[in-house]
Amino acid sequence: MAFQPTSRDVEISEEEFRLLRDFIHETLGIHFDEGQKASLRARLAGRLTSLDLASFEDYYHYLRFGPQREDELQRMVSHITNNETYFFREQSQLQVFADHVLKRLKERKSAGGTRSLRILSAGCSTGEEALTLAMIVYDSAQFFWGWDVQIIGMDVDRAALEKARRALYFHNSFRSIAPAVIERHFVKQGSGAQVKEGVRRLTRFVEGNLIDSASYEGLAPLDAILCRNVLIYFSDQMIRRVVELFCAALAPGGFLLLGHAESLSRISDAFTPIRFPGAMIYQKPEKDGA
């Protein structure tokens, strides 16, 4: 009987790494540098076994031309993306969102006679950030009585979005959340807890690719976008593309919040940086250029 290599035995050549790296970059924006060849191999090796493929080149061709390439792209996304997230992550910035961003948006909207609020959690993964924002908006008590509020979570990972829509979470998601908040916004479900309906009604989750302009259709104008700890996985080229799309989707005067390790300093001058203790946010200029 001929020896059949398992996925763990299959090596990835420099050419195969380049093909897959470039495909992932152009499709999703995620960048694997030369030092991450072993990491990419480890993440995708199991897919060769599942598809009964002999090499990473075969896998590349399957992603490009295979009959089930769309389904496989979704499976690949789950293997190469980092879904590490939890409620109330990076508290100092969320405090700025609660104290400054929402206040400014309420003032501007009220002055303009509009009573709608649209906030995007871009790269929302399993939904903890979007639901955190909904809890903050809910607890602010500024947007009831006739306000139309939508917190939109967008992600390319279909499986992660299904979890977000169920809004059922377990211990790891609660590492940075106060017991009083759990008591107020969750109901116990077995070994986990589900977000209460009042907060869930403020959110919706949509499948979308951050680098694809079509994904933003029907969302604009947005009042704020949070894209935190996502762009660190993108190349500068793709970050520029995403930031341009964010700018186009934001209403004049809208806000952009990035992760603490992310900056627009060498990427774009389309936003005005606003510094707070422990946090930085960006604002799109108003129509008059102010």
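The values are calculated or read from the model by the stated rules, or taken from the named source; none is laboratory data. It should be emphasised that the depicted structure is a prediction, and the values quoted were computed from it without experimental measurement. Here the Cβ is made from the backbone with ideal geometry for all residues, glycine too, and neighbour counts use every protein chain on show. SASA here: full protein model, heavy atoms, side chains in, ligands and nucleic acids out. Shrake-Rupley method; radii C 1.70, N 1.55, O 1.52, S 1.80 Å.
Among the residues of the stretch 22-64, those that are touching a residue at least 40 places away in the same chain (Cβ under 8 Å) and either among the polar types (S, T, N, Q) or open to solvent by 50 Å² or more (accessible area, probe 1.4 Å) (or both) comprise Thr27, His31, Thr49, Ala54, Ser55, Glu57, Arg64. Among the residues of the stretch 245-265, is there at least one that is under 19 Å from Ser125 (Cα atoms), touching a residue at least 40 places away in the same chain (Cβ under 8 Å) and either among the hydroxyl-bearing types (Ser, Thr, Tyr) or open to solvent by 10 Å² or more (accessible area, probe 1.4 Å) (or both)? Within the stretch 245-265 (the criterion being under 19 Å from Ser125 (Cα atoms), touching a residue at least 40 places away in the same chain (Cβ under 8 Å) and either among the hydroxyl-bearing types (Ser, Thr, Tyr) or open to solvent by 10 Å² or more (accessible area, probe 1.4 Å) (or both)), the answer is yes, since at least one residue qualifies. Within the stretch 152-161, being assigned to a helix (DSSP H, G or I) and not aliphatic (A, V, I, L, M) holds for one residue alone: Arg158. Of all residues in the stretch 84-96, those that are assigned to a helix (DSSP H, G or I), among the hydroxyl-bearing types (Ser, Thr, Tyr) and crowded, with 17+ Cβ neighbours inside 10 Å total 0. Whenever a residue of the stretch 152-172 is closer than 15 Å to Gln189 by Cβ, its partners that are open to solvent by less than 50 Å² (accessible area, probe 1.4 Å) and part of a helix (DSSP H, G or I), lying with C-beta atoms within less than 9 angstrom and at least six residues away or across chains, give the pairs Ala167/Leu131; Ala167/Val199; Tyr169/Glu128; Tyr169/Leu131.
Summed over the stretch 110-135, residues that are free of Cβ contacts under 8 Å to residues at least 60 places away in the same chain and either within 17 Å of Arg165 (Cβ to Cβ) or crowded, with 18+ Cβ neighbours inside 10 Å (or both) total 4.
Checked against the criterion of being over 23 Å from Thr132 (Cβ atoms) and surrounded by 15 or more Cβ atoms within 10 Å (Cβ to Cβ), the candidates Ala279, Ala270, Ala224 yield just one match: Ala270.
Using the structure shown, decide if Asp99 is open to solvent by 50 Å² or more (accessible area, probe 1.4 Å), over 15 Å from the mean Cα position of the chain (by Cα) and closer than 25 Å to Ile182 by Cβ. Answer is yes for this residue. Filtered by the rule that a residue be surrounded by fewer than 20 Cβ atoms within 10 Å (Cβ to Cβ) and of a type in the set (Phe, Trp, Tyr), the stretch 139-175 gives Phe143, Phe144, Trp145, Trp147, Phe170, Phe174.
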